[in-house]
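J.: Let me begin by handing over the structure; questions about it come next.
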Amino acid sequence: MKLIDQAIRNYHTVTVIIVMALVVGVLCFQSLPRQLAPTIDKPQIEVKTEYRGLSPDEVERNITRRLEDQLESVEGMKKMTSTSQHGLSTINLEFEWGIDKNLAVLDVNNKLQQVKDLPVNADKPTLRSISSDNSSPIMWIVFDKPNKKMPSLDQNYMYKIGEDIIVPSLRRVKGIADVWHFGGEEREMRVEFDPYSMARLHVTYKEVIDQLSEENQNTRAGFHDEDNRSYTVRGLGEFLNPQDILDTVIKRDGEKTIKVRDFATVVDGYKRTSSLVRISGDLSNAFGVIRKAGANVVETCNLTAKRVEELNQELLNRGIPINLKIVYQEVDYIDEAMRLVKSNLAFGAVLAVAVLLLFLGSARSLLIVAISIPVSLVSVFIVLKIFGRSINIISLAGMAFAVGMVVDNSIVVLENIYRHLTMRKGVFKAAYDGASEVWGAVLASTLTTLAVFVPIVFIQEEAGQMFRDIAITISASIALSLLVSITVIPTLTTLLIRLKPGEEYQSGFFHRALFKPIVLLGKMMSDAYSGLMEWLLHNSPVSIFFRVLIIAGVGWMLWYSGKTLPEKDYLPYGNVNMVFMLIEPVVGTPVETNMRYMAEYEKKIVAMKDVNRNFLVFSSRFNGGGAIIEKELAAGQRGEVKMAVKSGEMGREIFEIPGYRFAFAMQRPIFRSANKTFEVEITGPDMLKLKSNALDLIGKISAIKGVHSVRPEFKFGNPELRFIPRREDAARLDMGMNEIGDIIESLNAGKYLGEFNDQGEPIDFILVQKKDANKLGLEDYRSLPVWTDEGMMTHLGHLVDIKIDAGPARIDHIGTERAIKLRVQVKKDIAMQLVIDRVDEEALVDARKNLGEEYGLRIGGSADELASTEKSLMNSFAYALGFIYLLLVALFSSFLRPFIVMLTVALAVSGSFLGITWNNWFQRGNILEILQEWKVPNAQAMAADWNWITFDILTQLGIVILAGIVVNNAILIVHQMLNNIKAGMGEREALLLSCQTRLRPIMMTVISSVFGMIPLAFGEGAGTELYRGMGTALIGGLSISTVFTLFLVPVLISLLNDMGFHTKKEDLVKESLH
């Protein structure tokens, strides 16, 4: 082959290329962004529309449905869901994976422009494209007291400091897209009136509202020109301070002037408390840092931490008694996970090199092969840079898996070169002949591996976007290892081994001395294998019987492994050192009351020695909290068990706290999509019937084995005070609903009067009833005196009927139908597909029979993603098998022989199932010992249900990868047999010699690959939960399939020969047609 010849002759050029590849690879490594996981750009667009004061019913009718009517025709949309809450409409549009989101955003925006009938006072709809980068914060920062003995600070004061100083400064940090701010409320200037004082003064609400709104404004009056100067003319009527408001004249009643101070006070205060945040028992504010798409997480976190130090110094200089403290940052987990995967990569490389040293027995030989590891892996960073990828746990795990694989091609080439050296050809001839002889097999094995990854790269689903990095890293490293094996390996052999034609090759020092017993053992095993194969391949009734027995044994193994097939799961859960508490308050309960319910248990959490810190949040966006466990206690296998036990304990305790609709605790997943929840969706026109069915299902689903909890998404029973106009009575007094509505709004939420300019800072200016001991009770509204513009007095109860009722706090839609969703949380160590099947069979089948044709009941959410991703994986597996078969047909010049090689894929799949089963069985014993040591109740049952390895999507990907790897061993045997036949040997002799000569390289490649993956399959620590399933599947599949391949492939070929299917030299060496 010309490339091999040129590489051997031009070793200077080869050296320069190697050095340049390493240098460029290092530069690319330094410039690539670092993050926890690949960026997943979900095909989802969120549309939010606010209209303060509207009830969920009104939001649904006036905003949500009008927007849905336009948006349901958006091209490429797969699903539309919406939520109507108090003053807020949220519509989520889900598109098919692979759609151009820029075009989708443009289409959605165009549709929104066509909506002309939204309420006048509604805010303009806002669009947000959803991706993994902007879905959750990479860092949480809280306010802390410089001195623990200081009294708790006012939360609203902290909120003002946060909005004025902290948030603007953080948003200017490179890589930050937004900052979420929880805790406290915005400032507002309130005119707090006494309704009875207004009535005594004969003042109408309309007069007050109109006068305060009209007086609080500046007027631009153009210019006044003098001879030498021009003056800007302005009328300055804006209120500058509370005194200006109090002195405002509302009306003159004869000799009497009525001012605001006569019936009201002015308060520079804060809006009604709707969110509270407590950190380790103290009131605080929390800031969530959202990064820009594609931003380097490590760099962004480091820059933010530096900015926090600067802000703390600024707060100190201003005399503000507050400190900022970083309580969580994703970079901690990233650093730990990357450190671990790098150490696993290095350890795997050391193990692979040790195996090579054991087989090769020579330091020079080891150097020749081992150089393929850094050259192939470092060059991968160039490929990642070209494709615009990042360095993350997934891409580094791909490189760690590739450590043992990248030496495979080099081993095959070098071993064959050594075989030719033993023929006394001299190093140059041996290097060329050895590499040329096997380059076809090496190329075929590389192409079969790459064939597996080509379909994976095109998977568009969420898990597919995660696979892409591992597919790119492994395929790139193996493709590069092919080039290294046929260029660098022959070149280095000629440089490091000096043998002239006729000189005898001597085995390495280690084989002659240190490893001699192992060499002898290996030779004995090789001889035993050769003898056994010689006997098996001999055409006799006894050997035929044993060959059939081997095939039967393989069939039994396939059957047995099929019975152990694990249930499917979605994404690995991870082991984050945080227990999350999800709490659903009773609708209508104030946040202060909800926080008070948790007060006693919060004290318990603060006192726990294993808890580093805890937080509680009650707000419109989130209700719940969490406990961050000491990092050292959550590490390794004991740490995973610790987190499971801790979340169980906390869950049982908060479940018993009274005052909430539901409350439970769970460990926080590493990815939002890995939270092991799916949705039960009930759709139909009647909300009450939907509610009734949902309540029935909650009880049934909660009792199903494997279900952690069921969280209803619907909220009914929201207490409402309804003012229904008495239109005829109101018309007699010339009062319309608009004026009555202003009265009701002023008495409760407050009537918005515009903005109050506080030294350049605009804050809301409102008129509201004074909230003191004398405020109106429920029964006082009817008798409240109200004056009309005509100077007549009436009572509010004469204008409206007042009723107390209840309504929904939120209304959900799926499509345009009303819906109720139940979020089913699966236990961490139970396969999600198993629970999905149980829920469908035990709860939903009967429920569907009782629903009418207008109602729907299905499982959605992550269940849809799981089904979609599995379908894509199966398609990829089928395509991969097809590509591999076609490549083997081209290599073997036969349509039959590739089927023999393809049988090894079935063996590998069986081996992976057995590997997962055996590893879980082994780990359950370790987990049981830990649970018994800690005296955990029901330790036996807990350990029995524990799946250390789940059959998640990444584990399934490992099985797909196996299809391209395990065929390599069979390719070596069949390809060498065909080469021997070309050289003039008979079929059985060629097959026997192929088995004997290929045993060594097969064992070297498999053992080096397996040893390279051992740290990934059995390692403990941050990030290992992601890839240990894949590692176990690959090790099990490779190990078991190799043992059977060494016997099964030769046996099947010999049986075909016995049946009359022969291969002759004439079939392989075709004469030219010319």
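Any read-out appearing in this document is the output of simple, stated calculations on the displayed coordinates, not a laboratory observation. None of the values given here were measured: they were computed from a predicted structure. Don't worry about glycine lacking a Cβ; one is built from the backbone with ideal geometry, like all the others, and counts go over all protein chains shown.
J.: Please report the projected area of the chain's Cα convex hull averaged over all directions, in nm².
T.: If you wrap the Cα atoms of the chain in a convex hull and average its projections, you get 60.2 nm².
J.: Percent of Cα-Cα pairs more than 23 Å apart in region 43-130, please.
T.: Details: 685 of 3828 pairs.
So the portion of pairs separated by more than 23 Å is 18 percent.
J.: Further, regarding this structure: Defining a contact as two alpha carbons under 8 Å apart and six or more residues distant in sequence, what relative contact order in percent does region 43-130 show?
T.: Values: 156 pairs, mean separation 41.1, N = 88.
RCO, region 43-130: 47 percent.
J.: Counting other beta carbons within 10 Å of each Cβ, put VAL554, VAL407 in order, fewest first.
T.: Numbers: VAL554 20, VAL407 30.
Ranked by crowding around the Cβ, least crowded first: VAL554, VAL407.
J.: Then there's this: Using a Förster distance of 51 angstrom, determine the FRET efficiency expected from the C-beta separation of LYS429 and ALA177, and round it to 0.05. It would help to have the intermediate numbers written out before the result.
T.: On the way: r = 63 Å, r/R0 = 1.23.
Approximately 0.25, to the nearest 0.05.
J.: Report, in deg cm²/dmol and to the nearest 500, the calculated mean residue ellipticity at 222 nm for the chain, where each DSSP H run with n ≥ 4 adds -39500 (n - 2.57) and the sum is divided by the residue count. List each step's numbers first, then the result.
T.: Numbers: 38 runs with 561 residues, N = 1074.
Helix contribution divided over all residues of the chain: -17000 deg cm²/dmol.
J.: What is the magnitude of the charge dipole of region 197-302 about its Cα centre, with +1 placed on the Cβ of each Lys and Arg, -1 on the Cβ of each Asp and Glu, and no other charges, expressed in debye to the nearest 20?
T.: Working: 15 positive and 16 negative charges, 122 e Å.
Here the size comes out at about 580 debye.
J.: Okay, moving on. Could you list the GluC sites (Glu not before Pro) in region 934-1035 that lie in coil according to DSSP, counting only those with at most 16 other Cβ atoms within 10 Å of their Cβ? Working shown, then result.
T.: On the way: sites: GLU987, GLU989, GLU1020, GLU1025; in loops: GLU1020.
Within region 934-1035, the qualifying GluC sites (Glu not before Pro) (loop, at most 16 other Cβ atoms within 10 Å) are GLU1020.
J.: Here is a further query. Using the 2.2 N^0.38 Å rule of thumb for compact globular proteins, work out how region 161-306 stacks up: its C-alpha Rg over that value, please. Could you put the intermediate results ahead of the total?
T.: Working: Rg = 23.9 Å, N = 146, 2.2 N^0.38 = 14.6 Å.
That works out to 1.64 for region 161-306.
J.: Next up: For TRP556, TRP946, TRP180, what's the fewest-to-most ordering of other Cβ within 10 Å of each Cβ? Present the calculation step by step, with values, prior to reporting the outcome.
T.: Details: TRP556 10, TRP946 21, TRP180 15.
Going from least to most buried by this count: TRP556, TRP180, TRP946.
J.: Below 8 Å, C-alpha to C-alpha, sequence gap of six or more: please give me the relative contact order for the chain in percent. If you can, show how the numbers build up before the last one.
T.: Working: 1899 pairs, mean separation 174.2, N = 1074.
This gives 16 percent for the chain.
J.: Excluding residues fewer than 8 places away in the same chain, name every one of the lysines whose C-alpha is closer than 16 Å to that of LYS429.
T.: The reachable lysines, counting only those whose Cα sits under 16 Å from LYS429, are LYS2, LYS500.
J.: Give the cross-link partners of LYS771 among the lysines, using a straight C-alpha distance below 18 Å as the criterion and excluding same-chain residues fewer than 8 apart.
T.: Leaving aside lysines fewer than 8 places away in the same chain, those within reach of LYS771 are LYS271, LYS751.
J.: Still on this structure: Putting +1 on Lys and Arg Cβ atoms and -1 on Asp and Glu Cβ atoms, find which of GLY183, LEU721, LEU1034 reaches farthest to the positive end of the dipole of the chain.
T.: LEU1034
J.: Now a separate question. Which residue, MET650, THR955, PRO1050, has the largest displacement toward the positive end of the dipole of the chain when charges sit on each Cβ (Lys, Arg +1; Asp, Glu -1)?
T.: Farthest along the dipole direction, towards plus: PRO1050.
J.: Would you mind working out the magnitude of the charge dipole of the chain relative to its Cα centre, with +1 at each Lys and Arg C-beta and -1 at each Asp and Glu C-beta, to the nearest 20 Debye?
T.: On the way: 115 positive and 123 negative charges, 913 e Å.
The dipole magnitude comes to about 4380 debye.
J.: Taking the Cβ-Cβ separation of VAL249 and GLN30 as r and a Förster radius of 56 Å, what is the calculated FRET efficiency to the nearest 0.05? Intermediate results must be reported in sequence, preceding the final value.
T.: Details: r = 71 Å, r/R0 = 1.26.
Result of the calculation: an efficiency of 0.20.
J.: What is the dipole size for region 43-130, taken about its Cα centre, with +1 at each Lys and Arg Cβ and -1 at each Asp and Glu Cβ, in debye to the nearest 20? Walk me through the numbers on the way to the answer.
T.: Values: 12 positive and 15 negative charges, 38 e Å.
Charge dipole, region 43-130, about its Cα centre: 180 debye, nearest 20.
J.: Along the charge dipole of region 970-1039, Cβ charges K/R +1 and D/E -1, which of ILE1007, ALA970, GLY1021 sits furthest on the positive end?
T.: Toward the positive end, the furthest listed residue is ALA970.
J.: Also, I was wondering about something else. Could you tell me whether region 564-633 comes out rounded, prolate or oblate from its Cα gyration tensor? Rule is a ≥ b ≥ c as square roots of the eigenvalues, rounded for a/c under 1.5, then prolate if a/b exceeds b/c, otherwise oblate.
T.: Values: a/c = 3.10, a/b = 1.45, b/c = 2.14.
In terms of gyration-tensor shape, oblate.
J.: Would you please put 314-326, 916-928 in order of how densely packed they are, using the mean number of other Cβ atoms within 10 angstrom per residue and starting with the highest? Don't jump to the answer; show the numbers that get you there.
T.: Values: 314-326: 14.8, 916-928: 17.0.
Averaged packing, sorted descending, gives the order 916-928, 314-326.
J.: Tell me the angle of helix 967-982 to the major Cα principal axis of the chain, expressed in degrees between 0 and 90 and rounded to the nearest ten.
T.: Value to nearest ten degrees: 30.
J.: For the pairs LYS42/LYS342; LYS145/LYS342; LYS609/LYS715; LYS79/LYS568, flag any whose C-alpha to C-alpha distance is greater than 31 Å. List each step's numbers first, then the result.
T.: Numbers: LYS42/LYS342 29 Å; LYS145/LYS342 39 Å; LYS609/LYS715 37 Å; LYS79/LYS568 25 Å.
Pairs exceeding the cut-off: LYS145/LYS342; LYS609/LYS715.
J.: Still on this structure, please answer the following. Can you give me the angle between helix 897-933 and the longest principal axis of the chain, using Cα atoms only, in degrees from 0 to 90, rounded to the nearest 10?
T.: Approximately 60 degrees, to the nearest ten.
J.: Follow-up. For a label point 7 Å from the Cα of VAL889 along Cα→C-beta, name the residues of region 428-465 whose backbone N is under 18 Å from it.
T.: It comes to 444-445, 447-449, 451-452, nothing else.
J.: Using Cα atoms only, what is the angle between the long axis of helix 687-702 and the major principal axis of the chain, expressed in degrees (0 to 90) to the nearest 10?
T.: 40
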